[in-house]
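Structure record follows, encoded as structure tokens.
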Amino acid sequence: MTILNLGRIGDNINLLPVLYSEHLAGRRPTMVTSGKYSEIFEAVSYCDVRKYSGDPVELSHAIGLCHGLPDLRVAQVFMHPKETKQERNYALESYRLGRFRELWRRHPYVFDRRDLDREEKLTGNIAQHFIAVARLGVSSPFENSERLVAALKSRFPDYTIVDLAKIVADKFQDMLGILDRASCLVTIDTAHLWLANAAKCPTIALINNGWYGSPPPVTATSTFRYKDFQVDSVCDEVEKTLLPTGQTWAIVDRFGQEKRHREAFKSQEMAFDHLLTTENLYRDARCIGDSRPLPMLKEMMGKAIKFAFGRDIIVWTNDDVEILNLDLVVAHVRRFGAVGVRRDPAHIGRELFAFRWDWLADRLYNFPDCAVASPWFDLAVAAWIRRQFGWVSDMDNLGKDLYPCEIPNDGILHHPPHESSWTGNMEAPASKWNERIFKMML
């Protein structure tokens, strides 16, 4: 595949998942772009780059030069002869024009050849706790940028406000070193917003009005249109990513009686501040036609919300999962609001979900109404969490971690191997119910 997109930087970052998809399929794609916007590909190993000496306005001439290149896809929206605004924003229109609309947000934004030494030079003199701000843009300038920076300095005096416009990087992608260390990123609709898709910090996104507004990055915890800008509201959302958490509440369906369940229960008693049971729930799987009184996960979450409050963390896990260390989970949920954890890279199933109380309370109304202890429910919840951050799930990418919706099981939990008790119930009413909900999440 050959993709033609002459610029700009953000538009090229938008196309990284397509290039990475080709790489995963065992093919080596080629990117044709303007030389002035090509430097990000120095941090990418999985494609070849051909540099065009002109500007994006010369698209017609560039198309002529590219005839003969294999499987040419013209993904540049600006000046495209077939651009008709059929999608909800220009980024999706780029995918439609390139004939890979089905790949939207199914693969990560991968910079696999970062220069850590250059990144370290950028971050070496920055305070430990800082908020990064991207306030300047070319295509989508923001008229309230000075007011935004002043408000952040006033509201968060314990944090250094790092104005990214004043950072001189050798290569734009070196800014990832700053973003990965930042407590939070506040960005207008500019290239930094696109770079945030590959970073590790929560993002407050201010995006342009209308069709030319970019889609929020997958790390966005909140989004505002320029026309809806209220500086106090933005600062409130920043604050949500910075405040400490409260107590940890777990709600577990205590059903198993084997040794692995007893060992797991001991670890859960030690790991959580409070353990809730599934007693006195309003509904169970008999309400959906199953003969078994399986708890409904949405009812479980609703019960936990009634007991917890504020910045507390609510956790669901299986009754045979041994909790080793929750620190990574709590730290992540404090910043992003939700996370799922798999047993290991070989297993697609989720062993634990965690939510910050305020994040879950705001979204419980459309939480998947699945029956636990039956196939598909964990994948439905995983896909639902991904939806909240803009990812699109399928059976292939559910077997991988997509940040910030999942984090690796690095000493978080242990699920001892055992024969599955679900395989004989694939046709049960609860299983079919869960499967329908799961497919709705895709």
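Do we find that I131 is surrounded by 12 or more Cβ atoms within 10 Å (Cβ to Cβ), in the same structural domain as D163 (by TED's automatic domain parsing) and of a type in the set (A, V, I, L, M) in this structure? Judged against the criteria, I131 is a match. Of the residues in region 256-263, none is within 31 Å of the chain's Cα centre (by Cα) and in the same structural domain as E322 (by TED's automatic domain parsing).
Beta carbons closer than 8 Å, at least 6 apart along the sequence or on distinct chains, pair a first residue in region 262-281 that is without any contact (Cβ under 8 Å) to a residue 24 or more places away in the chain with a second that is of a type outside the set (A, V, I, L, M) for N280/K303; L281/P295; L281/E299; L281/K303. You will find that of G399, G349, the residue that is out of contact with any helix residue (DSSP H, G or I) (no Cβ under 8 Å at 6 or more places or on another chain) and over 23 Å from F307 (Cα atoms) is G399 and no other. Screening A331 with (1) crowded, with 19+ Cβ neighbours inside 10 Å; (2) out of contact with any Ser or Thr (no Cβ under 8 Å at 6 or more places or on another chain) gives one miss only, at (1). Considering only residues of region 138-153 that are exposed (fewer than 13 other Cβ atoms within 10 Å of the Cβ) and part of a loop (DSSP other than H, G, I, E, B), which is modelled with the lowest pLDDT? Applying the filter and picking the extreme gives V138. Summed over region 371-427, residues that are surrounded by 13 or more Cβ atoms within 10 Å (Cβ to Cβ), at pLDDT below 95 and more than 20 Å from V321 (Cα to Cα) total 1. On the stretch given as region 112-137, residues that are in a loop (DSSP other than H, G, I, E, B), under 29 Å from R147 (Cβ atoms) and not polar (S, T, N, Q) total 6.
Look at region 289-312: where a residue is farther than 21 Å from F255 by Cα and a partner is among the basic types (K, R) and modelled with pLDDT of 95 or more, sitting 6+ places away or on another chain with Cβ atoms under 8 Å, you get R311/R334; R311/R356; D312/R356. Condition (residue is in a loop (DSSP other than H, G, I, E, B), surrounded by fewer than 17 Cβ atoms within 10 Å (Cβ to Cβ) and not assigned by TED's automatic domain parsing to the domain that holds R8) applied to region 179-191: is it met by at least one residue? There is no residue in region 179-191 that is in a loop (DSSP other than H, G, I, E, B), surrounded by fewer than 17 Cβ atoms within 10 Å (Cβ to Cβ) and not assigned by TED's automatic domain parsing to the domain that holds R8. In region 43-63 there is no residue matching the filter, namely being over 29 Å from the mean Cα position of the chain (by Cα), at positive phi and acidic (D, E). All conditions but one from (1) surrounded by 17 or more Cβ atoms within 10 Å (Cβ to Cβ); (2) farther than 24 Å from Y365 by Cα; (3) under 25 Å from the mean Cα position of the chain (by Cα) apply to K240; the one that does not is (2). Take the residues in region 294-313 that are closer than 14 Å to T277 by Cα and touching a Lys or Arg at 6+ places or on another chain (Cβ under 8 Å); name whichever of them is surrounded by the most Cβ atoms within 10 Å (Cβ to Cβ). Selected residue: M296.
The values are calculated or read from the model by the stated rules, or taken from the named source; none is laboratory data. Every value quoted in this text rests on a predicted model; they were computed, and no experiment measured them. In this analysis, Cβ positions are derived from the backbone assuming ideal geometry, glycine residues included, and neighbour counts consider all displayed protein chains.
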